[in-house]
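Q: The following block contains the structure, expressed as structure tokens.
The numbers here are math on the coordinates, done by the rules we state, and not lab data. Computed from a predicted structure; not experimentally measured. We place every Cβ from the backbone using ideal geometry, glycine too, and count neighbours over all the protein chains shown.
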Amino acid sequence: MRKILLLAVLLTATVSLSAQEISSRAKAMRMMTFAKPEYMIKDIKVLADTMTVYSLADFVIYPIGKWENIEQYITNTQLQWYRESGYKSFYDSMTVSVNTLRRLDDSYFDMYRSITTGRVEMVAGKITDPEVVLDNGVHVGMSKEDVFKVLFKRFPKSYVADIKVLKVISGAGEVGEIYTFKGNKLRHIGIISKYKYY
């Protein structure tokens, strides 16, 4: 009797997990139909409480906009930034010149000016200050619904209700933003990059 009961429990768990995977993929495919064309969203994946959106749009690579130098960005924001310059190691063997812009709450951007593109490129970042606004209008403190409205024309609210992390990643997977929600509010923006720096 115990073996039959154990087998029934295992079978139920397996069926519910596969059904959950199908519904996650179905949600992702349905969300694709609501994507705004300017963000050139090519794929969406939903896994548990995380939605990953793959976009070919420039805002993913240049979350603070396209700038020829760091001073232009500082002047444009009209915010008080504390600037640090130095060298940082990446990929264990590479050392590159990096400028770090910091706010009092320890929000920061690590960036460098690329000799290849002639623009300021992002290395990393962490934003918790609501005064720092990304180029697409997203800032800490926004509602989850408003953040999703940046990328999607509309969407079923039930599809994003359980999402706690929204990752917006470039097509090659090298650069991205990670939006972390607490409740219904955006609490943290992370900027990640796996570029090979030259």
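Q: Taking the simple approach of a point 7 Å from Cα along Cα-to-Cβ for both residue 47 and residue 25, what is their distance in nm?
A: The modelled label-to-label distance comes out at 1.5 nm.
Q: Here's a follow-up. Between residue 194 and residue 83, what is the spin-label point distance in nm, taking each point 7 Å from the Cα along the Cα→C-beta axis?
A: Taking the simple label geometry, residue 194 and residue 83 are separated by 3.2 nm.
Q: Sticking with this one: How large is the charge dipole for segment 88-198, taken about the Cα centre, if only the Cβ atoms of Lys, Arg (+1) and Asp, Glu (-1) carry charge, to the nearest 20 debye?
A: Its charge dipole is roughly 300 debye.
Q: Once amide H atoms are built 1.01 Å from N in the peptide plane, which residues 5 or more positions from residue 124, or in another chain, come under 5 Å H to H?
A: Amide H neighbours of residue 124, under 5 Å, 5+ apart: 110.
Q: Something else now. Which whole-Hz couplings ³J(HN,Hα) result when phi for each residue of segment 74-84 is put into the Karplus expression 6.51 cos²θ - 1.76 cosθ + 1.60, θ = phi - 60°, listed in order with x for Gly and Pro?
A: Result, ordered by residue: 4, 5, 5, 6, 6, 10, 7, 10, 9, 9, 10 Hz.
Q: Rounded to the nearest 0.05, what FRET efficiency do residue 68 and residue 146 have when you use their Cβ-Cβ distance and R0 = 35 Å?
A: The pair residue 68/residue 146 has a calculated efficiency of 0.70.
Q: From Cα pairs below 8 angstrom and at least 6 apart in sequence, can you work out the relative contact order of segment 23-105, rounded to a whole percent? Mind dumping the intermediate values first?
A: On the way: 79 pairs, mean separation 13.4, N = 83.
Contact order relative to length: 16 percent.
Q: Just in segment 45-146: which chymotrypsin sites (Phe, Trp or Tyr not before Pro) are loop by DSSP and have at most 13 other Cβ atoms within 10 Å?
A: Those satisfying the criteria are 91.
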